[in-house]
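S.K.: The following block contains the structure, expressed as structure tokens.
The values are calculated or read from the model by the stated rules, or taken from the named source; none is laboratory data. Predicted model, so just to flag it, every value in this text is computed and none were measured. Here the Cβ is made from the backbone with ideal geometry for all residues, glycine too, and neighbour counts use every protein chain on show. Surface accessibility is based on the protein's heavy atoms, side chains included, excluding ligands, DNA and RNA. Shrake-Rupley method; radii C 1.70, N 1.55, O 1.52, S 1.80 Å.
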Amino acid sequence: ITSSVAFDILPLKLHPFSQSTPTGLDCVGWKRRISSPVITDGALDKTALTDDVGSEEDLYEDFRSSNHRYGHPGGGGEQLAINELISDGSVVYAEALWDHVTMDDQELGFKAGDVIEVMDATNKEWWWGRILDSEGWFPASFVRLRVNQDEPLEDYPLKVEGGKEDESSSGTRRFGMGQTTKDQMRTNVINEIISTERDYIKHLKDICEGYIKQCRKRADMFTEEQLKTIFGNIEDIYRCQKKFVKALEKKFNKDHPHLSEVGSCFLEYQTEFQIYSEYCNNHPNACMELSRLTKVNKYVYFFEACRLLQKMIDISLDGFLLTPVQKICKYPLQLAELLKYTNPQHRDFKDVEAALNAMKNVARLINERKRRLENIDKIAQWQSSIEDWEGEDVLVRSSELIYSGELTKISHPQAKSQQRMFFLFDHQLVCCKKDLLRRDILYYKSRINMDDMEILDVEDGKDKDFNISVKNAFKLHCRDTEEVHLFCAKKPEQKQRWLKAFENERRQVQLDQETGFSITEVQKKQAMLNASKQQHTGKPKAVTRPYYDFLMRQKHPTLPTTLPQQQVFMLAEPKRKPSNFWQNISRLTPFRK
């Protein structure tokens, strides 16, 4: 069996989502190189669905009976090749596309950009890997295989005394026709960038021509609003990427790829790449809408027929729609590797360096949006756990928990003091009271609009406004009504954390305004609906446990049962086991108590 073997078309799967991982769509250059021409703006020269498609079942069977055969790029062949390399004693490295945060001691946690040694790729969803002395399972879709597999983990080139490159390193070794090893490494990275861009353009065209075009012919099955939800702005991304790949082609030196100057292309298109933010923000909605539609068999048959007629590989539509998210997160890794093998004297060095920073900023914005979208479910679950809730939902105005903790609130007119739990979100501070007997149950008491407040640090001693002696105190003063709220912390360091948290809250609000971040009404309603469903499972609130108790729970000793591509609601994060409120709040809060 080799990676080039052709696969028969598999029988139609009746379940809505394929378990195939989308990583096969973007194969790395060191194993398999696809030399496909640049896609022009012309029409697709392939068999298309007719207007009178008839039964989706008949359409699928007619196509399958025509004995079409086509290769399966990526897929099992590449996975087999990885394992063959490992079994032969070769070291296979992968680089992390995203952070993988885990509490499970059988899983390998890492941050985006970390290099992982792949030790077992037998399972296509979860691989076993190692970072330094840590080993564990990790989602295969969270990584990309390194282009230059023979390179060591240490930064290249080596340095010696005096700050010059070690002559024994790649600087003087020659490869081929007078080319240094470092030049060859740069050639490999350039070739990967060009090749993967061509593959990606083909992939985007397949989605636009194979799915969107055919869906628009079936007004009886899809509304324009549904298509906008499912596909987002992927057609805009396709148009942008076509221009981008043409710009790359112009800068590509076919005879001497290492001399190519591609950094300026990324700088030119850095602003346009921000359209990926809209796509990534919409992606959870797309997954939810697909999940709803594919509960009906006619949609399953229709989507599968579109895939087969377009001769696309055996991955479900939700998997194809994930690849733009993966692509924008992959650019910083590619540019970092390109910069590593670019001499400072190279004409492309400064542009590549600037492009790397630019694409890091784009990816950082998208990752931040991803994290915030994950948080809204946890905030909805938190609100559903609060007794006697009044007024609008937290998610109407807020999407981030900044800090939480106990404070003593002092109120006029008798300077009455009350011990309360406070939760600081962007735009609002929520006040709750603990149950006297069951301290894990909270009752809603009030909230303060932070947009109208200014923070006043109060010195220890007698306060003139309240005519009492205070310690570790601060005030919230309303600019419009002159209303004043006085709070006291137990310790000075707790007071400082609260003051820092209020600064972070204002900074977060300003950043959201500058970047245009917002949570859609659909996402808010879905989060509250999910929390409501969990609330009605009959599980009493008294079973909620502190965060440290959760860490002591028994870990699973075998391969993780969760599959990262099973249902991708949160931008390629693996679906986690349900967790209680206290665990979630602890993850959201940036400060340790």
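S.K.: Hey, among L511, L456, which residue is among the hydrophobic types (A, V, I, L, M, F, W, C), out of contact with any helix residue (DSSP H, G or I) (no Cβ under 7 Å at 6 or more places or on another chain) and under 30 Å from Y276 (Cα atoms)?
M.R.: Working: L456 fails: under 30 Å from Y276 (Cα atoms).
So the residue among L511, L456 that is among the hydrophobic types (A, V, I, L, M, F, W, C), out of contact with any helix residue (DSSP H, G or I) (no Cβ under 7 Å at 6 or more places or on another chain) and under 30 Å from Y276 (Cα atoms) is L511.
S.K.: Open to solvent by 10 Å² or more (accessible area, probe 1.4 Å) and on the phi > 0 side of the Ramachandran plot: does that describe K298? Spell out how you get there, then give the answer.
M.R.: Values: open to solvent by 10 Å² or more (accessible area, probe 1.4 Å): yes; on the phi > 0 side of the Ramachandran plot: no.
Judged against the criteria, K298 is not a match.
S.K.: Take the stretch 421-443 and flag every residue that is out of contact with any Ser or Thr (no Cβ under 7 Å at 6 or more places or on another chain), under 24 Å from F502 (Cα atoms) and open to solvent by 30 Å² or more (accessible area, probe 1.4 Å).
M.R.: Hits for the stretch 421-443 are K433, K434, Y443.
S.K.: Tally up the residues in the stretch 282-324 that are touching a strand residue (DSSP E or B) at 6+ places or on another chain (Cβ under 7 Å) and of a type in the set (D, E), please. Before you say what the answer is, go through the steps one by one.
M.R.: Quick first cut of the stretch 282-324, residues touching a strand residue (DSSP E or B) at 6+ places or on another chain (Cβ under 7 Å) only: 311.
Filter once more, keeping what is of a type in the set (D, E): none.
Going through the stretch 282-324 one residue at a time, the tally reaches 0.
S.K.: Can you name the condition, by its number, that E482 falls short on among (1) at pLDDT below 90; (2) surrounded by 13 or more Cβ atoms within 10 Å (Cβ to Cβ); (3) part of a loop (DSSP other than H, G, I, E, B)?
M.R.: Only one criterion is unmet by E482, namely (2).
S.K.: So, one more: For residues in the stretch 475-507 being touching a Lys or Arg at 6+ places or on another chain (Cβ under 7 Å) and of a type in the set (A, V, I, L, M, F, W, C), which is farthest from G405 (Cα to Cα)? Break it down into steps so the answer makes sense when it comes.
M.R.: Kept after step one, since they are touching a Lys or Arg at 6+ places or on another chain (Cβ under 7 Å), are these residues of the stretch 475-507: 484-489.
Restricting the remaining residues to those that are of a type in the set (A, V, I, L, M, F, W, C) gives 484, 486-489.
Details: V484: 20, L486: 15, F487: 12, C488: 12, A489: 9 Å.
Checked the stretch 475-507; the qualifying residue farthest from G405 (Cα to Cα) is V484.
S.K.: Report yes if K445 is touching a residue at least 12 places away in the same chain (Cβ under 8 Å) and in contact with a Cys (Cβ under 6 Å, 6 or more places away or on another chain), otherwise no. Write out each step before concluding.
M.R.: Working: touching a residue at least 12 places away in the same chain (Cβ under 8 Å): yes; in contact with a Cys (Cβ under 6 Å, 6 or more places away or on another chain): yes.
Yes.
S.K.: Counting residues that are within 21 Å of I193 (Cβ to Cβ) and assigned by the TED database to the domain that holds T187, which helices (runs of 4 or more DSSP H) fully inside the stretch 285-385 reach at least 2? Steps first, answer last, please.
M.R.: Working: elements: 297-309, 317-340, 349-384.
Of the helices (runs of 4 or more DSSP H) lying wholly inside the stretch 285-385, those with at least 2 residues that are within 21 Å of I193 (Cβ to Cβ) and assigned by the TED database to the domain that holds T187 span 317-340, 349-384.
S.K.: Then there's this: So which residues in the stretch 444-461 are under 21 Å from E390 (Cβ atoms) and open to solvent by 20 Å² or more (accessible area, probe 1.4 Å)?
M.R.: To start, the set of residues in the stretch 444-461 that are under 21 Å from E390 (Cβ atoms) comprises 444-453.
Those that are under 21 Å from E390 (Cβ atoms) and open to solvent by 20 Å² or more (accessible area, probe 1.4 Å): Y444, K445, S446, R447, N449, D451, D452.
S.K.: If you don't mind, another one. In the stretch 372-383, is there at least one residue being modelled with pLDDT of 90 or more, closer than 20 Å to L499 by Cβ and within 32 Å of the chain's Cα centre (by Cα)?
M.R.: no
S.K.: Here is a check on your reading of the model: is Y279 closer than 30 Å to D183 by Cα, open to solvent by less than 20 Å² (accessible area, probe 1.4 Å) and within 16 Å of the chain's Cα centre (by Cα)?
M.R.: Values: closer than 30 Å to D183 by Cα: no; open to solvent by less than 20 Å² (accessible area, probe 1.4 Å): yes; within 16 Å of the chain's Cα centre (by Cα): yes.
Taking the combined requirement at face value, the residue does not satisfy it.
S.K.: When you check L322 against the structure, is it open to solvent by less than 10 Å² (accessible area, probe 1.4 Å) and of a type in the set (A, V, I, L, M), yes or no? Outline the logic, then answer.
M.R.: Values: open to solvent by less than 10 Å² (accessible area, probe 1.4 Å): yes; of a type in the set (A, V, I, L, M): yes.
In short, yes.
S.K.: Looking only at the stretch 386-399, count how many residues are in contact (Cβ under 8 Å) with a residue 40 or more places away in the chain and either part of a helix (DSSP H, G or I) or open to solvent by 50 Å² or more (accessible area, probe 1.4 Å) (or both). Steps first, answer last, please.
M.R.: As a first pass, look at the stretch 386-399 and keep what is in contact (Cβ under 8 Å) with a residue 40 or more places away in the chain: 386-391, 393, 395-396, 399.
Cutting the leftovers down to either part of a helix (DSSP H, G or I) or open to solvent by 50 Å² or more (accessible area, probe 1.4 Å) (or both) gives us 387-391, 393, 395-396.
Residues flagged as in contact (Cβ under 8 Å) with a residue 40 or more places away in the chain and either part of a helix (DSSP H, G or I) or open to solvent by 50 Å² or more (accessible area, probe 1.4 Å) (or both) within the stretch 386-399 amount to 8.
Residues are listed down the side, and each one gets a yes or a no for (1) over 22 Å from V396 (Cβ atoms); (2) at pLDDT below 90:
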{"residue": "P413", "(1), (2)": "yes, yes"}
{"residue": "S446", "(1), (2)": "no, no"}
{"residue": "G461", "(1), (2)": "yes, no"}
{"residue": "D465", "(1), (2)": "yes, yes"}
{"residue": "N472", "(1), (2)": "yes, no"}
{"residue": "L476", "(1), (2)": "no, no"}
{"residue": "Q496", "(1), (2)": "yes, no"}
{"residue": "D512", "(1), (2)": "no, yes"}
